[in-house]
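Step one of this worksheet: look at the structure below.
The values are calculated or read from the model by the stated rules, or taken from the named source; none is laboratory data. If you're wondering where the values come from, they're calculated on a predicted model, not measured in any experiment. All Cβ positions, even for glycine, are placed from backbone atoms using ideal geometry, and neighbour counts span all protein chains on display. Side chains are part of the model used for accessible areas, which takes the heavy atoms of the whole protein and leaves out ligands, DNA and RNA. Shrake-Rupley method; radii C 1.70, N 1.55, O 1.52, S 1.80 Å.
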Amino acid sequence: MHPVDLEPSLIAPNLYSSRRANLRLDVAALCSMVIVLLYAIPAPLIVPQMTFAGRPALLLSLALFAWWFVARLSPSLLLVGRQPLRWVALLYLVSILLSYIAGLVRGLPTLEANRQDFTLLLTFEFLGLVLIAADGIPNWARLRKVLRVLVCAAAFMAFLGILQSIFAYDVTQWLVVPGLELKGALTDFQARGEGGRFRVASTTVHSIEFSAVLAMVMPYAIHFARYARTKASRRFYGLLTFVIAGAVPMAISRTGILALGIAMAIMFLIAWNWRFRYNFLVLACGLTGVLVVGRPGLLGTLRSMFLWAEADPSVDGRTEDYAHVSAWFAQRPWLGRGPGTLIPDLYMILDNQWLLTLVTGGIVGVVAMAALHLTCLWLSVLGFRRSATDEDRHLCAALISTQILAVLCALTFDSLSFTTFSFTLALLSGVCGAVWRLTHPARTVRTSTVRRLLE
């Protein structure tokens with residue numbers, strides 16, 4: 001039990017509660033449910049008659065936003081203590097609303113107007129998960145429970161991707177849930193490289209998203225492989241770590257490999273001692289050997305993707321986008337065209353989230369997006385410095401790697417357009433706020449929590 005979890009929680013003036021209260025349906029349980037729904041149900045499955053914002057996990061996140069909002073405003077449901085993420089979330093929301101108004105003012109065709117509404121709804125769902133995780137996770141034990149669920153769900157998704165790659169069979173068709181509507185079709189395998197190689201996406205929309213999400217979760221899998229309480233648990237999470245790491249190359253994605261390299265480099269430099277660095281390198285070499293034997297030619301295909309990148313049409317397409325971005329930006333530099341209005345079917349696919357935000361949200365949107373990342377990074381660094389144990393520092397280092405990875409991945413694809421990636425980022429951004437709160441020297445901040453909804 002973490003020492004901070006033994007403290008009483010101030011929930012109102014002169015009113016305390018146990019921070020170890022084990023509620024059946026608290027914030028941590030609902031955040032875990034969001035992750036399970038997000039990873040276990042294929043992304044094209046939505047609630048009937050809705051857009052992709054109607055994925056079950058996203059609708060639950062919208063309900064969490066409503067819960068947080070009620071808890072914030074109601075005098076009987078107090079949120080005690082400061083939380084920097086509330087202010088940066090407000091800034092992000094205001095930037096989206098201003099861009100939304102700017103889109104309405106310039107006049108929008110029906111498709112763009114509908115896409116604006118969709119993006120605004122998605123923003124409330126995204127911020128709902130950020131805020132409820134930052135303010136509502138009550139203690140370290142429940143926080144670690146959420147992250148364990150995240151690792152297990154990611155390993156499940158990775159395992160499905162490995163099965164797809166080995167058997168060239170889409171196992172996600174067996175995960176179709178009765179009552180949900182299939183929006184479009186389940187992801188097809190995409191040819192990549194020579195020798196009949198193809199990319200897999202598991203339950204996500206695209207292979208790039210699949211590999212980037214797994215790279216984001218890898219530091220947390222390693223965390224529990226090192227710090228789980230029992231030897232059996234450490235072996236279990238060690239196995240899950242190998243599954244997640246082994247699935248990243250199956251996507252045959254430069255973004256995924258770069259994201260995995262970035263995450264591991266950050267952990268290598270700031271979180272690991274030399275003994276663990278050596279063990280990691282040995283295990284990485286072992287996993288590479290398994291891939292060479294089990295999937296001949298796969299590593300060669302990945303190597304050629306980097307060595308011959310200048311001949312890749314996808315790279316040329318990204319650089320050719322700059323002229324279009326410059327023209328759009330010159331027309332509306334401050335607030336952009338309107339959130340979500342650069343529809344791929346009408347205009348182009350802009351594989352750069354920063355440029356996409358610049359076009360649709362303008363300078364104000366880019367500043368708000370950067371502020372969100374930088375604030376989460378700052379909160380993680382503060383948590384790292386305040387942590388008294390190696391375990392807590394390692395977890396904060398994983399959160400640091402998440403934000404840096406997200407910033408850099410946004411340069412390689414339109415990351416926030418993919419809901420599995422963006423809502424994983426939302427949860428982990430909220431965890432940054434929770435860790436800042438739980439390591440704060442003032443107890444009134446440390447024990448900030450959302451009171452249970454009563455009658």
What pairs come out if I take residues in region 31-51 that are closer than 11 Å to THR419 by Cβ and pair them with residues that are hydroxyl-bearing (Ser, Thr, Tyr) and outside any helix (DSSP H, G or I) whose C-beta lies under 6 Å away, six or more apart or interchain?
ALA43/THR204
Checking ALA225 against (1) without any contact (Cβ under 8 Å) to a residue 24 or more places away in the chain; (2) assigned to a loop (DSSP other than H, G, I, E, B), which test does it fail?
(2)
Note on region 368-390: residues open to solvent by 50 Å² or more (accessible area, probe 1.4 Å) and either part of a helix (DSSP H, G or I) or under 18 Å from ARG86 (Cα atoms) (or both) are LEU374, TRP378, PHE384, ARG385, ARG386, ASP390
Just to check your reading of the model, which residue among ALA215, ALA232, ALA245, ALA284 is touching a residue at least 60 places away in the same chain (Cβ under 8 Å), part of a helix (DSSP H, G or I) and not basic (Lys, Arg)?
ALA215
Given (1) open to solvent by less than 60 Å² (accessible area, probe 1.4 Å); (2) in a helix (DSSP H, G or I); (3) among the small types (Gly, Ala, Ser), ALA323 misses just (1)
Scan VAL282, VAL315, VAL293 and give me the residue that is β-branched (Val, Ile, Thr) and either touching a Pro at 6+ places or on another chain (Cβ under 7 Å) or modelled with pLDDT of 90 or more (or both).
VAL282
Answer yes if at least one residue in region 407-417 is of a type outside the set (D, E, K, R), farther than 26 Å from LEU335 by Cβ, in contact with an Asp or Glu (Cβ under 8 Å, 6 or more places away or on another chain) and open to solvent by 10 Å² or more (accessible area, probe 1.4 Å), and no otherwise.
no
Exclusive hit being at pLDDT 95 or above and of a type in the set (Ser, Thr, Tyr), set SER415, SER448:
SER415
